[in-house]
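Okay, structure first, notes after.
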Amino acid sequence: MNSATVRNLLVRGMLAGLAAGVLALIAAYLLGEPSVDKAISFEDAHSHEHEMEVVSRSLQSTAGLATGVLVYGVAFGGVAALAFCFALGRVGRFGPRATALLLSGCALLAVYVVPFLKYPANPPSVGEPDTIGKRTTLYFLMMVLSVLLAVAATLLGKWLAPGLGNWWATVVAVAAFAVVIGLAYEFLPAVNEVPQDFPATLLWRFRLSALAIQAVLWGGFALAFGELAERLLNPRPATAAGRAVPAAR
């Protein structure tokens, strides 16, 4: 793949990330913000200290949310496009659309779902301020470990494929990934700082909305970028009508 094609795919990836970010922004506003508001209300009702807001809540939930989600969408779209350039043709005989969908699904699993199952997202008022550094470090450690193990599992599957066949090589690679991740879940320290009187339903809805937002982001990117990459790499031939010679007068 030449540099011009990579550059074009990078631009398309950023555009697809922006489009996916718009979808994720809508999902975050409709699904996530109501839970955040309720969690903040719980925190205000149970806190004896009232700090002055540097940025108003209305600004945080509109312009702040939009800026964060859209910038993240563009950035992750560019990174995912570069990963697509490396993966295309190396993970099987898949076309651009299928490769984009496969890559996005695996990335969603490795980058977000696996770390989330060990250290799930928490709304405001959940978590001690003194442990935020530790919790952040553990989360990113789990995310890096998950990504590295996913890459290792892919390489293992390709190495085993000539001897076991694609099906059983994939089964063994996925099983190895699951076993090592299970060991990481067991040995990494757990974090449980949910207040005893915090509503369980609110916590569940917040975490479910966080998963839904990520699914919308990655799914939207896969569909948009897959279509853009398909049109770039496999342009449709001119139709018969387009090639028709004008009739003689």
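The values are calculated or read from the model by the stated rules, or taken from the named source; none is laboratory data. Being a predicted model, the structure only gives us computed values, none of them experimental. Backbone-built Cβ (ideal geometry, glycine too); neighbour counts: all protein chains shown. These area figures cover heavy atoms from the full protein model, side chains too; ligands, DNA and RNA do not enter into them. Shrake-Rupley method; radii C 1.70, N 1.55, O 1.52, S 1.80 Å.
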_It is to be established whether one or more residues within region 143-159 are among the polar types (S, T, N, Q), farther than 30 Å from residue 17 by Cα and either modelled with pLDDT of 85 or more or outside any helix (DSSP H, G or I) (or both)._
no
_Would you confirm whether or not region 188-203 contains a residue that is of a type in the set (A, V, I, L, M, F, W, C), part of a helix (DSSP H, G or I) and either within 17 Å of residue 94 (Cβ to Cβ) or open to solvent by less than 50 Å² (accessible area, probe 1.4 Å) (or both)?_
yes
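What do you reckon, is residue 211 modelled with pLDDT under 90, surrounded by 13 or more Cβ atoms within 10 Å (Cβ to Cβ) and within 24 Å of the chain's Cα centre (by Cα)? Steps first, answer last, please.
Working: modelled with pLDDT under 90: no; surrounded by 13 or more Cβ atoms within 10 Å (Cβ to Cβ): yes; within 24 Å of the chain's Cα centre (by Cα): yes.
Against the criterion (modelled with pLDDT under 90, surrounded by 13 or more Cβ atoms within 10 Å (Cβ to Cβ) and within 24 Å of the chain's Cα centre (by Cα)), residue 211 does not qualify.
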*Within region 80-107, count every residue that is without any contact (Cβ under 8 Å) to a residue 60 or more places away in the chain and among the aliphatic types (A, V, I, L, M).*
3
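Of all residues being within 17 Å of residue 87 (Cβ to Cβ) and either touching a Phe, Trp or Tyr at 6+ places or on another chain (Cβ under 8 Å) or not aliphatic (A, V, I, L, M) (or both) in region 153-168, which is most open to solvent (accessible area, probe 1.4 Å)? Just the residue, please.
That would be 159.
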_Any residue at all in region 119-127 that's part of a helix (DSSP H, G or I) and not polar (S, T, N, Q)?_
no
*Answer yes or no as to whether residue 184 is assigned to a helix (DSSP H, G or I), open to solvent by less than 40 Å² (accessible area, probe 1.4 Å), under 11 Å from residue 118 (Cβ atoms) and in contact with a helix residue (DSSP H, G or I) (Cβ under 8 Å, 6 or more places away or on another chain).*
yes
_Those residues of region 10-44 which are at pLDDT below 90, open to solvent by less than 80 Å² (accessible area, probe 1.4 Å) and more than 18 Å from residue 217 (Cβ to Cβ), in sequence order_ = 34, 37, 39, 40, 41, 42, 43
*Of all residues in region 214-230, how many are among the hydrophobic types (A, V, I, L, M, F, W, C) and open to solvent by 10 Å² or more (accessible area, probe 1.4 Å)?*
6
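Please specify each residue of region 94-147 satisfying the condition of being polar (S, T, N, Q) and open to solvent by 40 Å² or more (accessible area, probe 1.4 Å).
At the first step, the residues of region 94-147 found to be polar (S, T, N, Q) are 99, 104, 122, 125, 131, 136-137, 146.
Listed by number, the residues that qualify are 122, 136, 137.
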*in a loop (DSSP other than H, G, I, E, B) and under 30 Å from residue 234 (Cβ atoms): does that describe residue 94?*
yes
